[in-house]
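Below is one structure; the comments refer to it alone.
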Amino acid sequence: MNVNVFYGILIPFLGTSAGAACVFFMKKNLNEQVQRALTGFAAGVMVAASVWSLLIPAIEQSDGMGKLSFIPAVVGLWAGVLFLLLLDHIIPHLHQNSDQAEGPKSRLQRTTMLVLAVTLHNIPEGMAVGVVYAGYLTGNSKITMMGAMALSLGIAIQNFPEGAIISMPLRSEGMGKGKAFVGGMLSGVVEPVGAVITILAAGLIVPALPYLLSFAAGAMLYVVVEELIPEMSTGEHSNIGTIFFAVGFSLMMVLDVALG
């Protein structure tokens with residue numbers, strides 16, 4: 001594997017780990033308004049990445065199909081949505097600010113299910129990074145190294161608050177600082193693993209690349225609508241989540257266009 005690609009797929013994981021390390025420097029849990037802002041920011045980054053880094057390249061790579069070039073994007077997007085819907089139903093997990101676990105009934109600890117919830121929504125992010133680097137490795141002229149790096153950076157930036165959002169509650173649940181950090185860090189391990197698996201899959205079936213790009217987009221959009229938007233809107237009405245959604249969207253859009 002290309003050394004730059006190796007570093008590129010590790011960048012988002014480093015973002016999660018750095019965020020999880022906040023547990024060593026902060027005494028209290030994150031303020032509710034701060035959590036909303038960070039969740040909105042993450043949602044904005046993921047939506048922009050889904051559009052600019054994944055769906056648009058998927059359509060461009062299918063331009064040989066003429067007016068039907070939207071087909072791989074639509075098919076892949078729906079496959080991604082349904083895949084995350086399936087995972088949502090078969091993996092027990094617990095969202096932030098919720099006492100009601102989702103998925104099958106389980107005797108898992110609350111802290112374990114909190115980590116599983118974040119791990120679940122890191123899967124599409126890892127796939128997104130992997131499929132973009134796969135496009136670069138297969139020599140696709142529409143995907144540049146800088147464009148792939150832009151996606152890695154965007155995901156890493158939004159992973160930083162995610163790492164803190166998981167490690168801080170683990171600490172407040174009574175877990176030691178070291179274990180809380182490891183829990184937050186481990187929730188991000190699935191990203192480089194998912195990226196490598198996706199790169200290998202795309203290498204075996206190059207014509208599937210547009211479908212894989214849009215699959216990752218569909219999975220990310222599912223996470224945004226099913227999890228992040230409700231989380232940034234819970235409790236007393238506030239516009240902070242919406243404002244930071246726009247900040248995250250703008251930043252990812254700028255990164256993708258400027259570096260891509």
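Per residue, how much space in cubic angstrom lies within the convex hull of the C-alpha atoms of the chain? Please list the in-between numbers first.
Values: hull volume 31.0 nm³, N = 260.
That works out to 119 Å³ per residue.
Could you derive backbone 3J(HN,Hα) for segment 239-245 from the dihedral phi with the Karplus parameters 6.51, -1.76 and 1.60 (θ = phi - 60°), listing whole Hz in sequence and x where the residue is Gly or Pro?
Each residue of segment 239-245 in turn: 8, 4, x, 5, 4, 6, 4 Hz.
If you plug each phi of segment 207-212 into the Karplus form 6.51 cos²θ - 1.76 cosθ + 1.60 with θ = phi - 60°, what whole-Hz ³J(HN,Hα) values come out, in order, with x for Gly and Pro?
Here the 3J(HN,Hα) series is x, 7, 3, x, 5, 5 Hz.
Taking the solvent-accessible surface of protein heavy atoms with a 1.4 Å probe, what is the per residue accessible area of the chain in Å²? Walk me through the numbers on the way to the answer.
Numbers: 11750 Å² over 260 residues.
In whole numbers, the chain has 45 Å² accessible per residue.
Which of N122, N31, N159 ends up with the largest GNM mean-square fluctuation for the chain, with Cα atoms connected below 10 Å?
Of the options given, N31 has the highest mean-square fluctuation.
Per the Cauchy relation, a quarter of the hull surface: what is the mean projected area of the convex hull of the alpha carbons in segment 104-223, in nm²?
Details: hull surface 33.2 nm².
Over all viewing directions, segment 104-223 projects a mean Cα-hull area of 8.3 nm².
Is segment 198-260 rounded, prolate or oblate when judged by the Cα gyration tensor, a ≥ b ≥ c being the square roots of its eigenvalues, rounded requiring a/c under 1.5 and prolate requiring a/b larger than b/c?
Working: a/c = 4.77, a/b = 1.85, b/c = 2.58.
Since a/c reaches 1.5 but b/c is at least a/b, the shape of segment 198-260 is classed as oblate.
Mind running the shape call on segment 188-231? Use the C-alpha gyration tensor, a ≥ b ≥ c as the square roots of the eigenvalues: rounded below 1.5 for a/c, prolate if a/b tops b/c, oblate otherwise.
Working: a/c = 6.12, a/b = 1.70, b/c = 3.60.
In terms of gyration-tensor shape, oblate.
With the chain treated as a Gaussian network of Cα nodes joined by springs under 10 Å, which of G64, G126, G241 yields the largest mean-square fluctuation?
Fluctuation is largest for G64.
Can you grab the distance from the C-alpha centre of segment 127-174 to the C-alpha centre of segment 1-68, Å, no decimals?
Cα centroid to Cα centroid, the span is 4 Å.
Between V74 and S106, what is 0.36 nm times their sequence separation minus the Cα-Cα distance? Round to one decimal in nm. Show your work: numbers first, answer last.
Numbers: separation 32, 0.36 × 32 = 11.52 nm, distance 3.47 nm.
Working it through step by step, the gained length comes to 8.0 nm.
Roughly to the nearest percent, how much of the accessible area of the chain is carbon and sulfur, given a 1.4 Å probe? Intermediate values should be presented prior to the final figure.
Details: 8180 of 11750 Å².
For the chain, the apolar C and S fraction of the accessible surface comes to 70 percent.
Number of Lys-Lys pairs in the chain under 24 Å by Cα, sequence gap 8 or more or different chains?
Working: K27/K177; K27/K179; K28/K177; K28/K179; K67/K142.
Taking the chain as the scope, the lysine pair count is 5.
Would you calculate, for the chain, the mean residue ellipticity at 222 nm contributed by helices, counting each DSSP H stretch of 4 or more residues as -39,500 (n - 2.57) and dividing by all residues, to the nearest 500?
That calculation yields -23000 deg cm²/dmol at 222 nm.
Let me know the shape class of segment 150-202, please: from the alpha-carbon gyration tensor, a ≥ b ≥ c as square roots of the eigenvalues, rounded when a/c is under 1.5, otherwise prolate if a/b is greater than b/c, or oblate.
Numbers: a/c = 4.38, a/b = 1.98, b/c = 2.21.
It is oblate, given that a/c is not under 1.5 and a/b is not larger than b/c.
If I build a Gaussian network model for the chain, linking alpha-carbon pairs within less than 10 angstrom, which residue out of G80, G163, G66 has the largest mean-square fluctuation?
G66
Using the Karplus curve 6.51 cos²θ - 1.76 cosθ + 1.60 with θ = phi - 60°, work out ³J(HN,Hα) for each residue of segment 49-57 in order, rounded to whole Hz, and write x for Gly and Pro.
With coefficients 6.51, -1.76 and 1.60, one gets 5, 4, 7, 6, 8, 10, 5, 4, x Hz.
The values are calculated or read from the model by the stated rules, or taken from the named source; none is laboratory data. If you're wondering where the values come from, they're calculated on a predicted model, not measured in any experiment. Heavy atoms of the whole protein, side chains included, go into the accessibility calculation; ligands, DNA and RNA do not. Shrake-Rupley method; radii C 1.70, N 1.55, O 1.52, S 1.80 Å.
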